[in-house]
1. Out of the residues in the range 9-20 meeting the condition of being over 16 Å from Tyr43 (Cβ atoms) and not small (Gly, Ala, Ser), tell me which one is farthest from the chain's Cα centre (by Cα).
2. Got a number for residues in the range 1-29 being assigned to a loop (DSSP other than H, G, I, E, B), hydrophobic (A, V, I, L, M, F, W, C) and either touching a residue at least 40 places away in the same chain (Cβ under 8 Å) or surrounded by 11 or more Cβ atoms within 10 Å (Cβ to Cβ) (or both)?
3. Would you check if there is a residue in the range 57-78 being on the phi > 0 side of the Ramachandran plot, modelled with pLDDT of 90 or more and either in contact with a His (Cβ under 7 Å, 6 or more places away or on another chain) or part of a loop (DSSP other than H, G, I, E, B) (or both)?
4. Would you pick out the residues in the range 21-45 that are over 13 Å from the mean Cα position of the chain (by Cα) and under 18 Å from Arg6 (Cα atoms)?
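The values are calculated or read from the model by the stated rules, or taken from the named source; none is laboratory data. These numbers come from a predicted model, not from an experiment. Cβ coordinates were reconstructed from backbone atoms using ideal geometry, including for glycine residues, and neighbour counts include every protein chain displayed.
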Amino acid sequence: MMIPRRIRGATHRWGAPDSMPDCVTVSARQEEHDGRAVFALAYEPNPEQLAALNAGGSIILRLWGTVVPHALNVEEPPKEDEQ
């Protein structure tokens, strides 16, 4: 499982539902793109995932539902307080 990170400018913090005690709290930043609200979250790979990426692996994004959502991926370097 990817490791959630605090995201710069977070506007929301989502906690785990009572029915999922193994989930962690994640921070999100609400943004607007093309007049629509979107949420940005930051994650980092765990050590096994990082090793797989360094060996040429890929990140697979699985989305629930039957409609393909639009996605925008922008890399942001972490600041000291976000590590």
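1. Asp18
2. Within the range 1-29, the subset assigned to a loop (DSSP other than H, G, I, E, B) is 1-2, 6-11, 15-25.
Next cut, hydrophobic (A, V, I, L, M, F, W, C) only: 1-2, 7, 10, 16, 20, 23-24.
Now drop any that are not either touching a residue at least 40 places away in the same chain (Cβ under 8 Å) or surrounded by 11 or more Cβ atoms within 10 Å (Cβ to Cβ) (or both), which leaves 1-2, 7, 10, 16, 23-24.
Matching residues across the range 1-29 total 7.
3. The first filter runs over the range 57-78 and keeps only residues on the phi > 0 side of the Ramachandran plot, leaving 65.
Keeping just the survivors that are modelled with pLDDT of 90 or more gives none.
No, the range 57-78 has no match at all.
4. At the first step, the residues of the range 21-45 found to be over 13 Å from the mean Cα position of the chain (by Cα) are 21-23, 31-37.
If the condition is that a residue be over 13 Å from the mean Cα position of the chain (by Cα) and under 18 Å from Arg6 (Cα atoms), then Cys23, Glu31 are the ones that fit.
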